[in-house]
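One structure below.
The values are calculated or read from the model by the stated rules, or taken from the named source; none is laboratory data. Quantities reported herein were computed from a predicted structural model and do not represent experimental measurements. Here the Cβ is made from the backbone with ideal geometry for all residues, glycine too, and neighbour counts use every protein chain on show. In case anyone asks, the SASA skips ligands and DNA or RNA and just uses the protein heavy atoms, side chains included. Shrake-Rupley method; radii C 1.70, N 1.55, O 1.52, S 1.80 Å.
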Number of protein chains: 2
Amino acid sequence: MNKTDIQPVAIGVDLGGTNLRIGIVDQRGNILKSLKRQSQAKEGKENVINRITDLLIEACNISNELQREVKGICVGAPGFLNIKKGIISASPNLPDWKDVALKKEIEKRKNFPPILLQNDANCFTFGEWWIGAGNGYKNLAGITLGTGVGGGVILDNRIWLGDDGTAGEIGHIIVEPSGLKCECGRNGCLESYASGTAIVKQATLALKKGEMSTLKNRVKENLNAVTAKMVSEEATKGDRLSLDIMKEAGRYLGIAIASIINLLNIGRFVIGGRVAGSGDIILEPAREEVLKRAINPHIKDQVIVQASLGDDAGIIGAAGMVFQNG
Amino acid sequence: MNKTDIQPVAIGVDLGGTNLRIGIVDQRGNILKSLKRQSQAKEGKENVINRITDLLIEACNISNELQREVKGICVGAPGFLNIKKGIISASPNLPDWKDVALKKEIEKRKNFPPILLQNDANCFTFGEWWIGAGNGYKNLAGITLGTGVGGGVILDNRIWLGDDGTAGEIGHIIVEPSGLKCECGRNGCLESYASGTAIVKQATLALKKGEMSTLKNRVKENLNAVTAKMVSEEATKGDRLSLDIMKEAGRYLGIAIASIINLLNIGRFVIGGRVAGSGDIILEPAREEVLKRAINPHIKDQVIVQASLGDDAGIIGAAGMVFQNG
C-alpha cells in the first residue's frame with residue numbers, strides 16, 4: 001500500500017472526572033473505534049496520566065492495525081487551561097491538578113504524534129458544529145449543562161479562543177448580579193442556575209423547606225440523595241416543583257443566550273450535557289426568554305437545539321480540531 | 001503626476017441625530033479635512049439624505065483639489081442596519097427612518113465612489129482600534145455611553161459583524177434581568193443603567209423624591225432640566241447623589257464587560273461617548289466589578305480605558321473600514 005493511499009485518522013480524548021474516553025476518528029467524523037476507561041481521578045494525577053498514555057498506546061496500535069496514519073491527538077480536558085503550552089491550570093473535576101503540563105507529561109512517557117490540549121466544552125462544540133446539531137452553521141455556540149456549565153463559541157467556522165485561549169466560559173456569563181453563589185466563588189453566573197449541581201441544590205432546598213413533590217417518593221427520607229436526573233424525570237412526569245426548577249434553569253439559560261445573540265449576532269445554540277437530556281422542559285423556557293430579550297429582528301425558530309452526538313461529541317470534536325489545525 | 005503616485009483617501013461620515021460630520025482621511029488615519037453640519041433630522045429623511053449628498057460632493061471636490069483619489073465612502077449611522085444591503089432598518093435618533101435604503105438613495109442622487117453603510121458604534125470602535133486607545137490590540141470591544149449605549153467588537157483585527165451584520169449591541173447585554181425598563185422595551189439591558197438617558201432618569205427621580213444634591217443648585221425648581229453632563233460634573237465635585245448614580249452606572253458597565261471577558265477572553269475595552277467623559281468616576285467602579293467577576297486569570301490593569309479620539313473616532317473609523325475592506 002502506498003503512503004498516499006493511507007487515510008489519516010485523529011485520536012480524540014475526552015478526559016472527565018469520572019470517565020476517560022478515546023476515539024479513533026476519520027476525516028468525516030466517523031468513530032472507527034472507541035475505548036472507555038474510568039479516569040480514577042481520585043487516585044491522583046500520575047495515575048490518570050499513566051492511564052491516558054496506556055490508552056493512547058492502545059489507540060495507536062489499533063490505528064496501525066487498521067492501516068491508518070495517526071495525524072495527531074487532541075485531549076479535551078475540563079477546567080482552566082493554557083492551551084498554547086498544553087497545561088491544565090486548574091480543574092474542578094480533577095481536584096489535585098494544578099498547573100499540570102499534561103502535553104509534556106504524556107510526551108515524556110512515550111513518543112506520540114503531535115498532541116493538542118483543548119477545553120472539553122470547546123471539543124463538544126466543535127464536534128456538534130462538525131457533524132452534529134450545529135452542522136452547516138458558520139457561527140454558533142455550544143453549551144454543556146452538566147456538573148458545571150461549559151461553553152464554546154465557533155466564529156467563522158473556527159473555535160474562538162480569545163487572547164489567552166480561555167474564551168467560551170458561557171457558564172460564567174452573569175445572569176443575576178446579586179444572585180446565587182456560583183461554584184467559582186462569584187455571584188449570579190449562569191452556572192449557579194443551570195448546572196446539574198444548581199438544580200440539585202434548588203430541589204434539595206425546597207424539599208427541606210417541606211415543599212410538596214414526587215421527588216420525595218424517589219429519595220424517601222434522604223433528601224440529599226436527589227440528582228439532576230431525578231428532577232428532570234419528575235418534571236417530565238409533571239411534578240410541579242421539578243418543573244419550576246427546570247423552568248428557572250431554562251429561563252436563565254435563555255437570558256445568557258440572549259446576551260450572546262445581542263453581542264455576537266449568532267443564530268445557533270447547541271445544548272448538551274446530562275441536564276439537556278430533559279429536552280424541551282429546559283429548552284422551551286430558554287427559547288421564550290430569547291424571543292423576549294434578543295434584539296436581532298431575524299431570530300429564527302431553530303436557535304436553541306439539543307445536541308445530537310451524545311457522549312461522542314467530545315472525542316469527535318477533539319479529533320476534528322486535529323484535522324482543522326493540521 | 002502618475003496615477004500610482006496618488007495617495008488614496010477615504011471619506012468617513014458620522015451621521016448622528018444632531019450632527020453630520022464628514023472627514024477626508026488618509027491611509028494612516030489622519031484627517032486631512034473635516035466638515036460639520038447639523039443633521040436637521042427633524043425636517044425629515046429626504047432633507048437629511050440631501051444634506052449628506054451635498055457634503056459628500058463637497059468632500060469629493062476637496063479631495064480632488066488635494067490631488068487625492070477617493071477610494072470609497074463609509075457612512076456610520078445609528079440604529080439597526082442591514083449593512084449588506086445598505087439599509088437603515090430603524091433608528092432611535094432618526095425617528096422617521098424606517099427601512100431607508102440610504103446607500104441607494106445617495107447613489108441615486110449622484111455617482112460616487114463605492115459607499116458602505118456601517119453601525120456608528122462599529123465605526124467608533126474601529127477608529128479607536130486603528131489609531132486610538134485600542135491601538136495594538138487585535139481583540140477589543142468599544143462601548144459608547146451617550147443617549148443610548150452602543151458597542152462594537154473587534155476580533156482578529158476586524159469588526160465582528162455576525163450572521164446579519166447586527167453584532168456588537170453591547171447596550172443590550174442583560175445585566176439585571178428583572179431590572180429597569182430599557183428604551184428598547186426590554187428589561188435590564190446595560191443601556192437602562194449606563195446611558196446618559198438612564199443617568200438623567202435616576203437623578204431626576206431621586207431629586208423628585210427629595211434627595212439632597214448639589215444638582216438642585218444647577219436646575220433650581222425645574223427638576224426635568226438635569227443633564228448627564230451635570231450629574232457627571234457634580235459627581236466630580238463630590239456630590240454624593242451624583243457619585244452614587246455614576247457609580248451604579250459604572251458597576252453595571254463592569255458587569256457587562258465581565259460577561260464579555262468570560263465569553264470572548266478579550267483584554268481591552270475602550271469606552272467613549274459623552275458619559276465616558278467623566279473618566280474614572282464611571283470607569284473605576286467598572287474596573288472593580290470586572291476584577292470581582294471576570295474569571296480569566298490574566299486580567300491586566302489596562303482592561304478598561306477611556307477613548308482617545310473624541311468626536312473624530314466615528315469618521316476615522318468609517319474611513320478606516322473603507323481601507324480595510326478595499
How about segment B:134-165: which of its residues are part of a loop (DSSP other than H, G, I, E, B), at the interface with chain A (Cβ under 9 Å from one of its Cβ atoms) and touching a residue at least 60 places away in the same chain (Cβ under 8 Å)? B:TYR137, B:ASN139, B:LEU161, B:ASP164, B:GLY165
Unique match (being under 30 Å from B:ASN262 (Cα atoms) and either of a type in the set (Asp, Glu) or modelled with pLDDT of 95 or more (or both)) among A:ASP5, A:ASP14: A:ASP14
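Residue-by-condition table, conditions (1) among the small types (Gly, Ala, Ser); (2) at pLDDT below 95:
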residue	(1), (2)
B:GLY23	yes, no
B:ASP26	no, no
B:ILE31	no, no
B:SER34	yes, no
B:GLN38	no, yes
B:LYS45	no, yes
B:ARG51	no, no
B:ASP54	no, no
B:ILE57	no, no
What residue, among those in segment B:233-250 that are surrounded by fewer than 24 Cβ atoms within 10 Å (Cβ to Cβ) and under 22 Å from B:GLY171 (Cα atoms), is nearest to the other protein chains (Cβ to nearest Cβ)? B:GLU248
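Just one of B:LEU253, B:LEU291 is within 13 Å of another protein chain (Cβ to nearest Cβ) and under 17 Å from the mean Cα position of the chain (by Cα); which is it? Let's see the steps before the verdict.
Working: B:LEU291 fails: under 17 Å from the mean Cα position of the chain (by Cα).
When all the criteria are applied, what remains is B:LEU253.
Do any strands (runs of 3 or more DSSP E) entirely within segment B:1-115 hold 2 or more residues that are closer than 24 Å to B:CYS184 by Cα and without any contact (Cβ under 8 Å) to a residue 24 or more places away in the chain, and if so, which?
In segment B:1-115, the matching strands (runs of 3 or more DSSP E) lie at B:87-90, B:98-100.
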When B:PHE269 is run through (1) open to solvent by less than 10 Å² (accessible area, probe 1.4 Å); (2) away from chain A (no Cβ under 14 Å), the failure sits at (2)
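So which residues in segment A:202-217 are surrounded by fewer than 18 Cβ atoms within 10 Å (Cβ to Cβ) and touching a residue at least 12 places away in the same chain (Cβ under 8 Å), if there are any at all?
From segment A:202-217, those surrounded by fewer than 18 Cβ atoms within 10 Å (Cβ to Cβ) are A:204-205, A:208-212, A:214, A:216-217; that's our starting set.
Result: A:THR204, A:LYS208, A:GLU211, A:MET212, A:THR214.
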Being at pLDDT 95 or above, at the interface with chain A (Cβ under 10 Å from one of its Cβ atoms), over 17 Å from the mean Cα position of the chain (by Cα) and buried (at least 20 other Cβ atoms within 10 Å of the Cβ) is the filter here; which residues of segment B:166-201 pass it? B:ILE174, B:VAL175, B:GLU176, B:PRO177, B:GLY188
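Please state which one of A:LEU253, A:LEU263 is without any contact (Cβ under 8 Å) to a residue 24 or more places away in the chain and buried (at least 23 other Cβ atoms within 10 Å of the Cβ).
Details: A:LEU253 fails: without any contact (Cβ under 8 Å) to a residue 24 or more places away in the chain.
Exactly one residue qualifies, and that residue is A:LEU263.
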Only one of (1) at pLDDT 95 or above; (2) among the aromatic types (Phe, Trp, Tyr); (3) buried (at least 19 other Cβ atoms within 10 Å of the Cβ) fails for B:PHE112. Which number is that? (3)
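Please verify whether B:GLY320 is in contact (Cβ under 8 Å) with a residue 40 or more places away in the chain, in a helix (DSSP H, G or I), out of contact with any Cys (no Cβ under 7 Å at 6 or more places or on another chain) and closer than 30 Å to B:ASN19 by Cα, treating the condition exactly as stated. Break it down stepwise before answering.
Values: in contact (Cβ under 8 Å) with a residue 40 or more places away in the chain: yes; in a helix (DSSP H, G or I): yes; out of contact with any Cys (no Cβ under 7 Å at 6 or more places or on another chain): yes; closer than 30 Å to B:ASN19 by Cα: yes.
Yes; evaluated as a whole, the condition is true for this residue.
Scan segment B:233-266 for residues that are under 30 Å from A:GLY142 (Cβ atoms), assigned to a helix (DSSP H, G or I) and of a type in the set (A, V, I, L, M, F, W, C) and jot them down. Even if it seems obvious, please write down each step before you answer.
Of the residues in segment B:233-266, the ones under 30 Å from A:GLY142 (Cβ atoms) are B:252-266.
Filter again for assigned to a helix (DSSP H, G or I), leaving B:252-264.
Once the filter is applied, which keeps residues that are under 30 Å from A:GLY142 (Cβ atoms), assigned to a helix (DSSP H, G or I) and of a type in the set (A, V, I, L, M, F, W, C), segment B:233-266 yields B:LEU253, B:ILE255, B:ALA256, B:ILE257, B:ALA258, B:ILE260, B:ILE261, B:LEU263, B:LEU264.
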Does A:ILE73 count as touching a helix residue (DSSP H, G or I) at 6+ places or on another chain (Cβ under 8 Å), surrounded by 20 or more Cβ atoms within 10 Å (Cβ to Cβ) and not aromatic (Phe, Trp, Tyr)? yes
